[in-house]
Amino acid sequence: MATVAALWLALAIDRWLGEPAARWHPVVWMGRYLGWAGRRIAPQADAARSRDRARLAAGAMAWCAGAAMVLAVAGAVAAVADRLPGWAQALLLGLALKPLLAWRMLRDEVLAVEAVLARSLDEGRARLARLVSRDVHALTEAEVRESAIESLAENLNDSVVAPLFWFVLFGLPGAALYRFANTADAMWGYRGVRDGRVWDWAGKWAARADDVLSWLPARLTAFLLLLSCSLSRERERAGVRALPATAREARRTPSPNSGWPMAAMALCLGVRLVKPGIYTLHAAGREALAADTQRAASLAARVVALSAVLASASILGLAAFRGA
């Protein structure tokens, strides 16, 4: 029960208080380590080789070293919590879990893109650049909106569903390891040149690790989005019966995972989501409108609630199974 209480406490803190200050944020600490290590393992563009297994090995070792530190700290916090009374255990675990979840920040950032886009396309592009790594300077109004909705769907998995999934299975260390892997992929998992450095080999381990850890949660996120459509009072265009269509659309993206929640969101809203020159999801859908951003946020909020309920039931079920 203390673990379940910690989960709900973390979500409550996220809703009412948002993110902690950067100096206290463990994901920021992870990012600082990854930035420091990345400058040492990724070669400058003029020094890169087409096949560089030494960089691959260096990236793997740096990733493993960072993951070991994350697991050690999270494991120590969990061990201390285990020695506390139930209420104190829930409080400590909830405070430690909260920074590994980022639903309020994600929702606010996506809705902020729509708010400034109503004033100016340039403002919308600038705000979107805080969410995505793609070049935003040539995007149309519709493409800015579609990119924001895609980011909401993809990061719904990365920031909520996947950390909760691994928290259920392995407690605080599981959630912390996932956030480290996802942050490493965001900073290192690029093909080609980024910030003057070549990441094809140095970031390959980080990209594959995130693919593995996100595989099941991404599909769970898609299922929960479709389930939210089925339970909604609105007339969304998809439900759980759209799972085969979601799988077909997801395969259009180069990522083995992010296409799942994005495809499910496109089908639920009945809109077309396009990354120019890369993919088109739900090509038969209409162009996304301003109201669709709010609808997407409402769908995602239902997924957060469903995820919390499912995670709580799973924690209690696993505890009962282990105690039997």
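The values are calculated or read from the model by the stated rules, or taken from the named source; none is laboratory data. As the structure is a computational prediction, the values presented were derived from the model and not from experiment. We place every Cβ from the backbone using ideal geometry, glycine too, and count neighbours over all the protein chains shown.
Is it true that residue 94 is modelled with pLDDT of 95 or more, surrounded by fewer than 20 Cβ atoms within 10 Å (Cβ to Cβ) and within 27 Å of residue 312 (Cβ to Cβ)? Criteria not met by residue 94.
Selection of segment 300-319 for residues being aliphatic (A, V, I, L, M) and either closer than 20 Å to residue 98 by Cβ or modelled with pLDDT of 95 or more (or both) yields 300, 301, 303, 304, 305, 306, 308, 309, 310, 311, 313, 315. Just one of the listed residues (71, 91, 131) is in contact with a helix residue (DSSP H, G or I) (Cβ under 6 Å, 6 or more places away or on another chain), of a type outside the set (Phe, Trp, Tyr) and outside any loop (DSSP other than H, G, I, E, B), and it is 71.
Scanning segment 151-162 turns up at least one residue that is touching a strand residue (DSSP E or B) at 6+ places or on another chain (Cβ under 9 Å), touching a residue at least 24 places away in the same chain (Cβ under 8 Å), surrounded by 23 or more Cβ atoms within 10 Å (Cβ to Cβ) and assigned to a helix (DSSP H, G or I).
Return yes when residue 123 is outside any loop (DSSP other than H, G, I, E, B) and either in contact (Cβ under 8 Å) with a residue 60 or more places away in the chain or of a type in the set (S, T, N, Q) (or both) and no when it is not. Criteria not met by residue 123.
Taking the condition of being charged (D, E, K, R), part of a loop (DSSP other than H, G, I, E, B) and loosely packed, with under 13 Cβ neighbours inside 10 Å, how many residues in segment 18-59 meet it? Qualifying residue count for the region: 2. Mind counting the residues in segment 276-309 that are closer than 24 Å to residue 256 by Cβ and in contact with a helix residue (DSSP H, G or I) (Cβ under 8 Å, 6 or more places away or on another chain)? Going through segment 276-309 one residue at a time, the tally reaches 12.
Filtering 68, 78 for residues that are modelled with pLDDT of 95 or more and within 27 Å of residue 312 (Cβ to Cβ) leaves a single hit, 78.
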